[in-house]
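Just below is one structure, and these are the notes that go with it.
The values are calculated or read from the model by the stated rules, or taken from the named source; none is laboratory data. Since the structure is predicted, the reported quantities are computational estimates derived from the model, not experimental observations. With ideal geometry, Cβ positions are generated from the backbone for all residues, glycine too; neighbour counts draw on all protein chains shown. Quick note on the areas: whole protein, heavy atoms, side chains included, nothing else; ligands and nucleic acids left out. Shrake-Rupley method; radii C 1.70, N 1.55, O 1.52, S 1.80 Å.
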Amino acid sequence: MYVGRFIVVGPGIAAYRVSSRSFPNRQVVEREDALTVAPTPDAPETDNPYISYNCMRETESGQVVVGNGSQVDPITEKLDLGYPARDALVESLLALDYEKDDYDTPRIAGVVDDDEATIGIVRKDAVLVEAVEELTLVATYEEDSPRAFEFAATTAGDAAREAYDLDFEHAVCAAGITVSDDGVETVVVND
């Protein structure tokens with residue numbers, strides 16, 4: 001099944017995977033305070049505004065925001081201003097809305113810290129944001145309502161690998177993130 005981009009979030013852990021039929025030449029690039037989805041050096045040129053974006057950013061207070069587009073940045077900024085996770089997600093997802101592409105691609109995002117997680121999606125027909133206590137998945141297609149999801153990973157490396165290896169079609173790259181008292185750990189898979 002093709003579900004497009006997806007996130008799995010729960011208290012202390014998150015994963016993000018790019019799955020793509022149209023733009024498979026992408027990778028996750030590690031930056032100082034973010035993970036960025038970007039074209040690979042051999043990718044054909046495109047003017048598509050949805051190809052490159054921060055898929056993970058850390059807030060000043062040690063929370064992590066994951067998502068499939070430019071909404072990651074304003075969510076992070078709102079959290080840094082003191083907004084609760086729910087409000088930061090709702091306001092940013094609603095303001096940016098779903099992607100105005102040929103597929104009306106939803107925007108997905110999650111906020112994770114060491115003991116709490118919140119997940120959200122904005123689709124053409126709905127905005128859904130909820131606090132979650134167990135690992136929860138939401139994707140841009142097919143799995144576009146948050147649902148509890150069996151995910152065995154407990155480390156960032158395991159989360160990245162497990163997300164990449166899940167039995168959803170057209171895996172391109174993935175990232176795993178853990179949040180604990182020791183800080184944020186990230187691992188990327190660009191196979």
- Note on the structure: Subset of the stretch 48-92, residues of a type in the set (A, V, I, L, M, F, W, C) and closer than 19 Å to V188 by Cα, comes to I51, C55, M56, V64, V65, V66, V72
- Of all the residues that make up the stretch 71-81, how many are surrounded by fewer than 24 Cβ atoms within 10 Å (Cβ to Cβ) and in contact (Cβ under 8 Å) with a residue 12 or more places away in the chain? 4
- Cβ-Cβ under 9 Å pairs, at least 6 apart or on other chains, the stretch 59-70 side without any contact (Cβ under 8 Å) to a residue 60 or more places away in the chain, far side among the polar types (S, T, N, Q) and open to solvent by 30 Å² or more (accessible area, probe 1.4 Å): V65/N54; G69/N54; S70/N54
- When you look at D114, is it more than 15 Å from the chain's Cα centre (by Cα) and not aromatic (F, W, Y), yes or no? yes
- Message: Would you confirm, using the coordinates I've provided, whether S180 is surrounded by fewer than 22 Cβ atoms within 10 Å (Cβ to Cβ), touching a Leu at 6+ places or on another chain (Cβ under 9 Å) and polar (S, T, N, Q)?
- Response: no
- Query: Pick from the stretch 15-48 the residues that are in contact with a Ser or Thr (Cβ under 8 Å, 6 or more places away or on another chain) and not β-branched (V, I, T): which of them is surrounded by the fewest Cβ atoms within 10 Å (Cβ to Cβ)?
  - Reply: E30
- Item | Selection within the stretch 138-161 - in contact (Cβ under 8 Å) with a residue 40 or more places away in the chain and open to solvent by 50 Å² or more (accessible area, probe 1.4 Å) | E142, T154
- Candidates L135, L94, filtered to the one that is under 19 Å from D73 (Cα atoms), open to solvent by 10 Å² or more (accessible area, probe 1.4 Å), among the hydrophobic types (A, V, I, L, M, F, W, C) and out of contact with any helix residue (DSSP H, G or I) (no Cβ under 7 Å at 6 or more places or on another chain): L94
- Are any residues in the stretch 17-65 in a loop (DSSP other than H, G, I, E, B) and under 15 Å from D101 (Cβ atoms), and if so, which ones? S20, R21, S22, F23, T46, D47, N48, P49, Y50, I51, S52
